[in-house]
Every structure is written in C-alpha cells, then in structure tokens.
Amino acid sequence: MICDSRWRSPGHDLRLARGDRPTGVRRTWCQDGGVTTVGENRPHPDPPHPDLSATPEHTAGAAVPMADLPAAVRARIVTWAADVIGRVPSRDLSASLQKVARFAPAKRAQRAATVLADAVDQDEVFRAMVAEHAARSPADTSSPTDPATAAARALLLRSSDAPELLSRAAAAQGQSDARARVAELEQELRLLTARQARAERQVAMQAAAPPVASGAEAERLKKRLREQGTKVRELQEQLIAERTQAQTQQQALTEELERVRGQARTWREQAQAAAGRADAAAESVRKLRETSDDRRAADDRRLDLLLQVLESAASGLRREWDLIGGGPAPAELVASGTAEPATDRRTNDPVRLAAWVGLPGTHLIVDGYNVSKTGFGELSLADQRERLVRQLSALAARTSAEVTVVFDGAAVTTTRPFARGVRVLFSAPGIQADDVIADLVRAEPAGRPVVVVSSDRRVADHAVRTGARAAPSSVFLGLVGGG
C-alpha cells in the first residue's frame with residue numbers, strides 16, 4: 001500500500017503572515033491495487049506567525065513572549081537555553097530546569113522545548129544567563145546573515161534594533177513557509193498527475209483486455225477517473241492562486257522591510273546628529289571649566305599670600321609679647337575647687353542616663369545577667385544574652401560610646417554572641433561578674449566618664465566610690481526600650 005498525507009488549506013500562507021490561526025483539512029491518499037481512498041478532515045494544528053513589528057509593545061527593551069516569536073527565532077533561543085543548562089550548576093536552576101538537566105544534551109532542546117521557553121519567559125535570572133551565552137556565542141549558526149539568529153540575540157540582549165530584526169525574521173519565516181507550501185502543492189500536483197496517468201492507463205488496459213468486469217464496474221472506474229481529473233484541475237487552480245498570493249505577500253513584506261529600514265536609517269542619523277551636539281556641548285563645558293579653574297587658581301593664590309602675611313604678623317606678635325601657651329582654662333580652675341556630690345553620680349532618670357552615655361569618650365559597663373533577668377527573665381540564658389547584646393549594639397551605634405557587657409561565665413558552654421561596637425566578656429571559673437566589673441572601673445583613667453548599669457547595690461556602690469556613675473537595670477531598660 002502507498003499512502004501520502006498532506007495539510008491542505010486555501011490561503012494558508014497568507015493567513016500565517018497576517019497572524020490568523022489557519023484551519024484546513026488533512027487529506028490522506030492510499031493506493032492499493034488501483035483503489036484510491038481519501039481520509040477524514042480535521043483542523044490544522046500549526047501555530048501562526050504574528051507580525052511582531054506592528055504591535056506597540058514589541059519595542060526595544062521590551063520582553064516579547066516566546067509564544068509570539070517566529071518558530072526559527074524561538075528554536076534558536078531554546079537551543080541556547082539548552083546549552084546554558086549544561087554549563088550552570090544544578091543548584092542555580094529551578095526545579096523544572098533541574099529535571100531538564102538530567103536529559104541527554106542532544107535531546108534537551110527537542111524534548112523540553114516548552115519548559116525551556118517558559119523558563120526564558122518567567123525566570124529573569126535564567127533569561128539573563130541565556131542572553132550572556134548568546135552574546136558570547138559565535139555570530140552565526142547556519143549562515144552569517146541568518147535573520148533568526150540575529151533576531152534572537154537582539155531580543156535577549158534587548159538591543160535597540162530588536163524590532164527591525166524580528167520583522168526580518170518574521171518576513172523570512174513567511175517567505176520560507178510560502179516556498180514550502182508552493183513546493184508541497186507542486187509535489188501533490190505531480191503525485192495526482194501520476195496517479196491520474198496510472199488510472200487512465202489502467203482504464204485503457206481494461207478497455208483493451210477482454211471484458212472481465214460488468215458495465216457497473218466500468219462506470220464506477222470512469223466516475224473515479226473523472227473525479228481525479230476534477231481534483232487535479234482544482235489543485236492546479238489552487239496552486240496558481242496560492243502562488244499569486246505568496247508573491248503578493250512577499251512583495252508587501254519586502255516593501256514593509258524597506259520602510260522599516262528607512263525609519264531605522266532616519267533614527268540612526270538623528271542619533272548621530274544628537275551625539276554631535278552633545279559632544280560640542282561637552283567641549284564647551286570643558287573649556288568653561290578650564291577657564292573657571294584658572295580664575296579660581298589665581299584667586300586662591302592671592303588669598304594664600306594674604307594668609308601668609310597674617311600668619312607672619314601673628315607669629316611676630318607672639319614672639320614680641322612672649323606669650324606662654326597651655327595651662328588650665330579659667331572655668332577648670334573654678335571647677336577643681338568644687339567636689340561632685342556622691343548623689344549626683346547615681347540616677348533613676350532614663351533621660352539623665354542618656355545624657356551620661358552621650359558624653360564624649362564614655363565607657364558604658366553593663367552587668368549582663370542583672371539587666372537581662374530584670375527585663376526578660378522568661379527567656380533562656382542564651383536568648384537573654386542575644387537580645388541584650390543586640391540592644392547594646394543599637395545604643396552604641398546611636399551614641400558612639402564604648403560598650404562592655406559582662407556575664408557570669410560559670411555555666412556558659414556556647415560561643416559568645418557578637419555585635420558590632422559591643423565588647424562581650426565572661427568571668428573566669430571561680431570569679432564573679434561583679435569582680436570583673438570592679439576591675440574594669442579601676443582600670444579606667446581618672447577623668448574619663450564611666451557609667452555602670454546594675455541593680456546590685458554592692459556593684460553600684462563600688463563604682464561610685466571609684467569615681468564612676470551608676471544606674472539601676474530598670475532605668476537602663478527604659479532607655480533602650482526593653483523593659
């Protein structure tokens with residue numbers, strides 16, 4: 001048995017160029033022992049080729065959906081995407097692309113074309129990787145002037161000439177489809193012509209042979225012969241009509257392409273003219289800056305000479321009057337005669353505590369567990385340490401004070417928390433945190449502002465006796481908002 005199957009639809013190629021979804025019939029001819037049958041019809045499944053240059057959203061820099069691209073452009077992007085999957089670590093791919101990566105390299109583009117196209121549409125990171133691969137790939141794949149490859153690369157890189165290149169690719173796709181359709185019709189015409197000739201020879205042989213069939217059988221064969229002749233004539237007329245339509249379509253596409261090229265040349269000339277004007281303006285600005293710099297240099301030189309004269313005069317006066325520098329300021333002499341009461345070194349006011357911490361060069365020493373158990377004792381010790389250190393880090397960033405927090409280290413088995421601007425200390429085994437705080441206060445030089453935060457009366461009293469300031473834990477929590 002010999003069978004041939006073709007899609008047939010009048011005006012198929014013209015509708016493809018206009019962006020319509022074609023419909024048609026699928027006809028199957030089978031010949032077995034001189035008997036020819038015609039199969040059933042169903043809708044044409046081929047997708048349309050839309051005119052990408054006619055829609056306003058397909059401008060330079062806009063992402064065109066993969067489904068709207070010509071088949072050749074879409075196939076080129078899918079091939080690049082399949083190459084990228086083989087070069088990218090699996091952890092950088094989505095779950096769907098990781099499944100595609102398990103395919104053989106030669107079958108990824110064929111078996112997972114839909115998944116790859118969806119990934120390019122929806123995953124901006126994967127689309128960027130495909131664009132980078134397209135930029136690094138050789139300039140040609142099948143031909144130096146392959147419009148599909150050029151359009152795919154421009155679309156991924158979002159070049160300004162992407163609409164023009166997409167129009168060229170669509171035009172080339174339409175012409176290729178039209179030529180394929182014409183060749184298909186010519187092949188079908190030759191096939192039917194050959195079948196008709198065979199049928200005519202068969203009828204002639206049957207007419208010359210001794211009559212072995214009845215008159216009804218002869219009439220049936222003649223009827224089928226006339227039907228085949230009618231089909232041949234219809235196909236010839238259809239071929240002529242579609243050739244004419246294809247030529248008209250090709251001419252219209254050629255004119256549109258020339259128009260787009262003319263617009264591109266005009267835009268390029270305008271851009272070059274604008275660039276020339278910008279260069280001229282930049283040169284003018286540069287000259288103005290040079291002139292302004294020269295004038296400023298001369299003015300600065302005159303001011304420098306004047307300052308040198310004033311400095312020389314001041315130095316001469318100091319030498320003539322024999323001035324002795326240094327010594328305490330008058331206010332310091334008065335302040336040295338008055339002692340600060342011990343009550344002024346304690347506070348229950350968060351505002352005053354904030355003023356102390358904000359003094360230049362202040363060292364804030366915090367009794368860690370005393371403060372954390374007062375403010376949030378319901379938490380575990382590790383969570384208390386983490387929360388208190390975060391609050392102290394925020395306070396250090398606001399005040400620029402040196403901050404030290406001391407925890408009792410007897411039961412600590414984990415690493416100490418870290419925060420920028422906070423020193424975290426744990427007492428050694430057998431030594432309490434109170435003793436470490438006392439050592440820190442004694443180590444500070446006289447005159448430096450030191451603030452100790454603890455509700456332990458022994459710690460606070462020792463701090464005040466050694467010249468530091470003290471505040472209870474509740475006041476500190478009111479300052480940092482952790483109470």
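Among rounded, prolate and oblate, which fits region 352-451 when a ≥ b ≥ c are the square roots of the eigenvalues of its C-alpha gyration tensor, a/c under 1.5 means rounded, and a/b larger than b/c means prolate? In terms of gyration-tensor shape, oblate.
Highest-first packing order for the peptide set 291-297, 418-424, 351-357 is 351-357, 418-424, 291-297, based on the mean count of other beta carbon atoms within 10 Å. Along region 254-269 the Karplus relation, 6.51 cos²θ - 1.76 cosθ + 1.60 evaluated at θ = phi - 60°, assigns HN-Hα couplings of 5, 5, 5, 5, 5, 5, 5, 5, x, 4, 5, 4, 4, 5, 5, 5 Hz to successive residues, with x for each Gly and Pro. For a straight C-alpha distance cut-off of 20 angstrom, the lysines reachable from Lys107 (same-chain residues fewer than eight places away being disregarded) are Lys99. Take 97-108, 302-313 and order them by the average number of nearby Cβ atoms within 10 Å per residue, most first; the result is 97-108, 302-313.
The simple Förster model, with R0 at 25 Å and r as the Cβ-Cβ distance, assigns Ala275 and Glu132 a FRET efficiency of 0.35. Residues whose amide H comes within less than 5 Å of that of Phe426, counting only those at least five positions distant or on another chain, are Phe407 (H built at 1.01 Å from N in the peptide plane).
Under 5 Å from the amide H of Val366 lie the amide H atoms of Thr404, Val405, Val406, Val453, each residue being 5 or more positions distant or on a separate chain, with H modelled from the backbone and absent for Pro and chain starts.
Peptides 428-437, 165-174, 373-382, 472-481 ordered by packing proxy, namely the average of other Cβ atoms within 10 Å per residue, highest first: 165-174, 472-481, 428-437, 373-382.
Summarising the amide proton neighbourhood of Asp123: residues at separation of 5 or more, or on other chains, whose placed amide H is nearer than 5 Å comprise an empty set. For region 153-160, 3J(HN,Hα) computed residue by residue from phi via the Karplus equation (6.51, -1.76, 1.60; θ = phi - 60°) reads 5, 5, 5, 5, 7, 6, 6, 5 Hz, glycine and proline entered as x. Ignoring ligands, DNA and RNA, what percent of the accessible area of region 344-483 is carbon or sulfur (1.4 Å)? After summing per-atom areas, the C and S share lands at 52 percent. Derived scalar couplings between HN and Hα for region 425-442 equal 10, 10, 5, 6, x, x, 10, 7, 5, 4, 5, 5, 5, 4, 5, 4, 5, 5 Hz in order, rounded to whole Hz, by the Karplus curve 6.51 cos²θ - 1.76 cosθ + 1.60 (θ = phi - 60°), x for Gly and Pro.
The values are calculated or read from the model by the stated rules, or taken from the named source; none is laboratory data. All values derive from a computational prediction rather than experimental measurement. Cβ: placed from backbone, ideal geometry, glycine included. Neighbour counts: every protein chain shown. Accessible surface is based on the protein model in full, side chains and every heavy atom, while ligands, DNA and RNA are left aside. Shrake-Rupley method; radii C 1.70, N 1.55, O 1.52, S 1.80 Å.
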